[in-house]
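Here is the structure we will look at, set down as structure tokens.
What follows is calculated from the coordinates using simple rules that are stated; it is not laboratory data. On a predicted model such as this, the values are computed, not experimentally measured, just so you know. Neighbour counts run over all protein chains shown; Cβ positions are idealised from the backbone, glycine included.
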Amino acid sequence: MTVPKLIPCSLLAVIALVGISSGSRAQGGAQAACGCTQQDKIDLESRTKQVDAAIRELDRMIKDWEGRERGAGQKLFLNEELRGVLMRDLGFSMIKDPKAAAYGADTDPTCAVTIDPKATRCLRGALEDHEAVHKKVCEEKKSPNPFVDFRSSQRVVDYLKEEKEGYQKERSRLTSDLDLQKKNCTTVTQLDKSAQQQLQQLLAQRERLRDAKNRLEMYGAKVN
């Protein structure tokens, strides 16, 4: 006699949530929520508070450096050491909920964007929108010499304003994702860490399959 393999309750919850997420689109093809777990909600709310704090601190820093320029009677430019100090001070203002996840992102001098591969769907979009601002500025101003960072000749105030724009774009995405979660998630489910990872993997696989299906449909349309 074959003994059926038991499925852990946490995995059943994951599968159920994938089904909920798949069916969470509102009538008319409205966009689905990025995730419906309690952890997603905590992450989005915590990051929103961090971003709001960053924007307030950047407003203060911009005003401060504009005053320094008036006092010096000239433009003041960025260097690697000063940039590190500014980002450290900005980081001090961004207090994170200890229960929330956090992931890094960066745009290098060649304009290549790197986002932590572990970033969840609910935070990846906001990070991508933020880095898109830096990528745009980079592509407009980067040096033809790959060993020269264009920021070494960037005005401090312009850099701070660029950072502020990045956080504003991030804020807009976070607000949208929170609204979608409130509208489309019938319940916000608490999952343990392993189940959360399984959910993220299943959702990512579903997105890949959907993209592949769309590409095949486009190819078929072109052939016909």
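Okay, here's what the table says:
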| item | result |
| --- | --- |
| Fewest-first sequence of ASP179, ASP43, ASP158, ASP97 by Cβ atoms within 10 Å of each Cβ | ASP179, ASP97, ASP158, ASP43 |
| Mean shadow area of the stretch 34-205 over all directions, Cα convex hull, nm² | 11.2 nm² |
| At most 14 other Cβ within 10 Å, DSSP loop - chymotrypsin sites (Phe, Trp or Tyr not before Pro), the stretch 119-169 | PHE147 |
| Estimated FRET transfer efficiency when R0 is 30 angstrom, pair ASP52-PHE147 (beta carbons, to 0.05) | 0.20 |
| Listed pairs LYS75/LYS161; LYS118/LYS142; LYS41/LYS141; LYS96/LYS161; LYS96/LYS142; LYS142/LYS164 exceeding 26 Å between Cα atoms | LYS118/LYS142; LYS41/LYS141; LYS96/LYS142 |
